[in-house]
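Enquirer: One structure follows; several queries about it will come next.
The values are calculated or read from the model by the stated rules, or taken from the named source; none is laboratory data. Keep in mind the model is a prediction, meaning the values are calculated, not measured. Virtual Cβ from ideal backbone geometry, glycine too; neighbours counted across all protein chains shown. For the accessible areas, the whole protein counts, side chains as well, though only heavy atoms, and no ligand, DNA or RNA atoms are used. Shrake-Rupley method; radii C 1.70, N 1.55, O 1.52, S 1.80 Å.
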Amino acid sequence: MFEQDASGANWSKPNDLIAFNAKASDNLYHLYTVKPDGSNRHQLGAESSSFPRRTTGTPAWSPSGRFIAFVAEKSNHPGNSVGATPGWGSYSDLWVAAADGSRAWQLTDVPTDIDHGTIIPEFSPDGRLLEWTERTAAGKPVIPERFAGFWVVKVANFNVAPDGTPSLSDIRTVSPAGDAFNETGGFSADSQSLVMTSSFETRNFWKSQIYRVDLVSGATIRLTRGDSYNEHPRYTPGGQIIWMTNADNLSRGTDWWTMNADGSNVQRLSDFNSNAEARGFGGKRVWATVVQTSNWSPDDRYFYGDVETNLLNSDSVIVRASLTCRGS
């Protein structure tokens, strides 16, 4: 393991830092940075009066390393902070901070009710765009179509004023029309398209599929097929897509799989749930989740990824996964 009880790993090569979220002694999630060798762990924004004080999570570095986007729980709202757990997003807005956490700015302000929230920001590789996911209706677990709620994917221009203040402009929804579970994925290397998760065709969260959205034409192309559960697509540095799925393993957790950008050449990458790899988690079912494009080593021999160990409370660990040739 790289980090226990942590998730949201995002590696900034310019800063030589990995950002992530972890639960602290106050039972809230906070953002931390650490060197790739595990040294110099630091809570981001702890010394800044402008930084939000309740749960923060899912950090995303800008390509230059100058900024870090994240999601933050509103300072006041009904109920407790459980719903704001990173990846759940209740009562949460989109924020961005300076790389050292010295200043932070709120970028969005969703209504303060159970039907709204924010998760998973991502910068485009050219740094001009920022995408995130907003909830439009709360989840109803007894209804497969609405198990995790209805969400839309937003994209906006990311601007920085001469005084260094960031802002958004031309905010638009890029996910398919209609009520469905839609979730942020990663941008392509040319920043002209993105991959995302959606249930708009299957009408079932547990059968969500992976799509590519052309940001110029608006065309949406389905990349995965079948009845498996698919989520969290990101491009690899080589232009493939890595995502989580329970394909060929519908009764247990999820693993990382890869495919070409057009959906061809589908291959399993990990096998956490059916062989010796599972012993590292006590033989329990786990859910391999996000591998950011930036999380691959410069030589593509290893990457950092999130592995969820409990779906009910979102317990997770961050692993460093090394690649080996098949049959070795």
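Enquirer: Could you check how much of the accessible area of segment 1-138 is carbon and sulfur, as a whole percent, using a 1.4 Å probe?
Expert: Whole-percent figure for carbon plus sulfur exposure: 48.
Enquirer: Taking 45 Å as R0, compute the FRET efficiency from the Cβ-Cβ separation of S274 and A46 and round it to 0.05.
Expert: Once rounded, the FRET efficiency stands at 0.60.
Enquirer: At I171 and R252, where each label point lies 7 Å from the Cα along Cα→Cβ, what is the point-to-point distance in nanometres?
Expert: 4.3 nm
Enquirer: Using Cα pairs under 8 angstrom and six or more residues apart, how large is the relative contact order of segment 105-148, in percent?
Expert: 30 percent
Enquirer: While we're looking at this one, here's another question. If you count only protein heavy atoms with a 1.4 Å probe, what accessible area per residue comes out for the chain, rounded to a whole Å²?
Expert: For the chain, the solvent-accessible area averages 42 Å² per residue.
Enquirer: Just to check, using Stokes-Einstein with a Kirkwood Rh over alpha carbon pairs, what's the diffusion coefficient of segment 103-145 at 4 °C and 1.567 mPa s in µm²/s?
Expert: It diffuses with D of about 102 µm²/s by this estimate.
Enquirer: Residues of segment 60-81 with backbone nitrogen within less than 20 Å of a virtual label 7 Å along the Cα-to-Cβ line of T112, please, listed as ranges.
Expert: 71-81
Enquirer: Between D227 and R203, what length in nm is gained on full extension when 0.36 nm per residue of separation is reduced by their alpha carbon distance?
Expert: 7.5 nm
Enquirer: Still on this structure, please answer the following. Below 8 Å between Cα atoms, with a sequence gap of 6+, how large is the relative contact order for segment 142-279 in percent?
Expert: With pairs under 8 Å counted, the relative contact order is 15 percent.
Enquirer: Next up: Only residues of segment 222-266 count here: report those whose backbone N is under 16 Å from the spot 7 Å along Cα→Cβ of K13, or say none.
Expert: So the set is 235-240.
Enquirer: Out of all Cα-Cα pairs in the chain, roughly what percent, to the nearest whole number, are more than 36 Å apart?
Expert: 11 percent
Enquirer: Provide the per-residue ³J(HN,Hα) series for segment 185-198, in order, calculated from phi with Karplus coefficients 6.51, -1.76, 1.60 and θ = phi - 60°, each as a whole number of Hz, with x at glycine and proline positions.
Expert: x, x, 7, 6, 4, 8, 6, 9, 8, 9, 9, 8, 9, 7
Enquirer: Measure off 7 Å from each Cα along the Cα-to-Cβ vector at D5 and Q240, then give the distance between these two points in nanometres to one decimal.
Expert: Distance between label points: 3.5 nm.
Enquirer: Taking 7 Å along the Cα-to-C-beta vector as the label spot, tell me the A219-A137 distance in nanometres, rounded to one decimal.
Expert: 3.0 nm
Enquirer: Which residue, V142, F158, F303, has the largest displacement toward the positive end of the dipole of the chain when charges sit on each Cβ (Lys, Arg +1; Asp, Glu -1)?
Expert: Of the options given, the answer is V142.
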